[in-house]
Amino acid sequence: MDFALSEEQQSLRDLAAQIFGDRVTDESLRAFDRDGHAYDAGLWQTLAEAGLLGLAVPEEQGGLGFGMAELALLLEEQGRVLAPLPLHATLVAGALPVAAFGTDAQKAVLARVATGQAVLTAALEELGNTDPAAPVLRAARTNSGWTLDGVKIAVPYGAEADLLLVPARCDGQILVFLVDPAAAGVEIAGQRSTSSQPHAEIRFNGAAVAADALLGGEEQGGAVARFLVDHARAGLAALQLGICQDALRRTAAYSSERIQFGRPLGSMQAVQQRAADGFIDVEAMRSTLQRAVWLLDNKREARAEIATAKYWAAMGGHRVSHSAQHLHGGLGADMDYPIHRYFLAAKQVELALGGAQPLLSEIGRAIAAGRTAPLAGANA
């Protein structure tokens, strides 16, 4: 199991880092907050022109045909600078499942994704439901297709999306639908998220869905939902890795420069120990993410490993973001100071699609059921 980056992957990572580094700064993020936009449309188009929005879009639809490993690198770089973009929602939760399970007609939207003309998202979270792959939302058959009834919450970029991926339940089956957010019976209301990322509550009141809007067919509905949630969780872990890496970097720089009691704050043993604990958490996040992504791209059993990567994103993200804030002292509580933005972003990723305790239970169930990949023999 070789996690070393290929030459192509390194080039993609360097390109993403250069674009984000040139375009996203603490000052630009403050200006973005004042403007009130949902996402940075100019930066979105820059990524499209660089080919990065087409990373995992098949070549037939104008993309590069890469997989989750490359998307994880892009999301990690986004997390480092907190670029306000619907990358995870569109590329991971939206484009990947459509590319894997869609019909030729359904895949047509992917060309628009690659050129930056379409935003996609998945409506996964439900109030009181801790398993997004087992939806409560109800689907019912009609003569012309289906109707949907129920509520999805915390849908990233739900009000901005051109297409929604919506898992639902019908007669004991799990199905995933492609839904036009402008369709009759679909009501979208904005929600306030932990960070500044726009979310939405989406109500389906007998929303009519055509028969050809079913992703993967009735037989594969459960597999589509599982694929969607697994990749979305891995993508969140990649985002969290970037967020925590830069939060730790900023904390190290601050503690090296801040003079307390006549010497640098970073020279104090307690500060060094807490920073070291943060480094260990970041590296645990990195290794569990790399394993999960490798298994996904190689189509291996990865249920427990994905939950483990997201668990570390939750627990490690919690510890690193709190340490970064605490070691900044009073500045850490200043909402205008950059480190607070990282704290809020890490908290949102921590809780999205399952916090630490639900994921720990899921890991236990996967181990008990034998749904784990072997630790050795990756080339078998």
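The values are calculated or read from the model by the stated rules, or taken from the named source; none is laboratory data. What you see is a predicted model; the values in this text were computed from it and never measured. Heads up, the Cβs are rebuilt from the backbone with ideal geometry, glycines too, and the neighbour counts pull from every protein chain shown. The accessibility values were calculated without ligands, DNA or RNA, using every heavy atom of the protein model including side chains. Shrake-Rupley method; radii C 1.70, N 1.55, O 1.52, S 1.80 Å.
State yes or no: is Phe66 out of contact with any helix residue (DSSP H, G or I) (no Cβ under 6 Å at 6 or more places or on another chain) and within 17 Å of Thr115 (Cα to Cα)?
Yes, satisfied.
A quick yes/no check of all residues on (1) at pLDDT 95 or above; (2) touching a helix residue (DSSP H, G or I) at 6+ places or on another chain (Cβ under 9 Å); (3) in a loop (DSSP other than H, G, I, E, B):
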{"site": "Thr308", "(1), (2), (3)": "yes, yes, no"}
{"site": "Ala346", "(1), (2), (3)": "yes, yes, no"}
{"site": "Ala366", "(1), (2), (3)": "no, yes, no"}
{"site": "Thr372", "(1), (2), (3)": "no, yes, yes"}
{"site": "Gly377", "(1), (2), (3)": "no, no, yes"}
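Suppose we filter Glu27, Glu7, Glu59, Glu77 for residues that are in contact (Cβ under 8 Å) with a residue 40 or more places away in the chain and of a type in the set (Asp, Glu); which single one remains?
Checking each option against the conditions leaves just Glu77.
When region 90-131 is examined, which residues are found to be farther than 13 Å from Val155 by Cα, small (Gly, Ala, Ser) and under 13 Å from the mean Cα position of the chain (by Cα)?
Ala95
Which residues, taken from region 300-320, are within 13 Å of Leu248 (Cβ to Cβ) and open to solvent by 10 Å² or more (accessible area, probe 1.4 Å)?
Residue satisfying the conditions is Arg319 alone.
What about Ala154, is it over 23 Å from Trp312 (Cα atoms), among the small types (Gly, Ala, Ser), open to solvent by 10 Å² or more (accessible area, probe 1.4 Å) and out of contact with any Cys (no Cβ under 8 Å at 6 or more places or on another chain)?
no
Output the residue which, of all residues in region 145-201 that are more than 22 Å from Ala100 (Cα to Cα) and of a type in the set (Lys, Arg), is modelled with the lowest pLDDT.
It comes out as Arg192.
For region 41-67, which residues satisfy the criterion of being within 14 Å of Val98 (Cα to Cα) and among the β-branched types (Val, Ile, Thr)?
Val57
Could you give every pair whose Cβ atoms fall below 9 Å, whose first residue belongs to region 194-207 and is touching a residue at least 60 places away in the same chain (Cβ under 8 Å), and whose second residue is of a type in the set (S, T, N, Q), counting only separations of at least 6 or pairs across chains?
Thr194/Gln348; Ser195/Gln348; Gln197/Gln348; Pro198/Gln191; Phe204/Thr147; Ala207/Thr147
Mind counting the residues in region 92-110 that are open to solvent by less than 10 Å² (accessible area, probe 1.4 Å), in contact (Cβ under 8 Å) with a residue 60 or more places away in the chain and of a type in the set (A, V, I, L, M, F, W, C)?
3
Say we look at region 301-352 and pick out the residues that are of a type in the set (Lys, Arg) and under 12 Å from Met285 (Cβ atoms); which of these is farthest from the chain's Cα centre (by Cα)?
Residue satisfying both the conditions and the ranking: Arg319.
Has region 41-55 got at least one residue that is of a type outside the set (Ser, Thr, Tyr) and closer than 26 Å to Tyr337 by Cβ?
Yes, there is a match, as at least one residue in region 41-55 is of a type outside the set (Ser, Thr, Tyr) and closer than 26 Å to Tyr337 by Cβ.
Return yes when Leu353 is outside any helix (DSSP H, G or I) and under 22 Å from Ile153 (Cα atoms) and no when it is not.
Criteria met by Leu353.
If you scan region 267-294, which residues turn out to be surrounded by 14 or more Cβ atoms within 10 Å (Cβ to Cβ), under 12 Å from Leu327 (Cα atoms) and hydrophobic (A, V, I, L, M, F, W, C)?
Met268, Val271, Ala275
Give the residue that is least open to solvent (accessible area, probe 1.4 Å), with candidates limited to residues of region 213-230 that are within 17 Å of Trp146 (Cα to Cα) and not small (Gly, Ala, Ser).
Ranking the qualifying residues of region 213-230, first place goes to Leu215.
Just checking, which of Ala223, Ala208 is outside any helix (DSSP H, G or I), more than 22 Å from Glu77 (Cβ to Cβ), modelled with pLDDT of 90 or more and of a type in the set (A, V, I, L, M, F, W, C)?
Ala208
Every residue in region 176-205 that is assigned to a loop (DSSP other than H, G, I, E, B), of a type in the set (A, V, I, L, M, F, W, C) and open to solvent by 30 Å² or more (accessible area, probe 1.4 Å), please.
Listed by number, the residues that qualify are Ala182, Ala184.
So in region 157-173, with the set limited to residues that are without any contact (Cβ under 8 Å) to a residue 60 or more places away in the chain and either part of a strand (DSSP E or B) or hydrophobic (A, V, I, L, M, F, W, C) (or both), which one is most open to solvent (accessible area, probe 1.4 Å)?
Arg169
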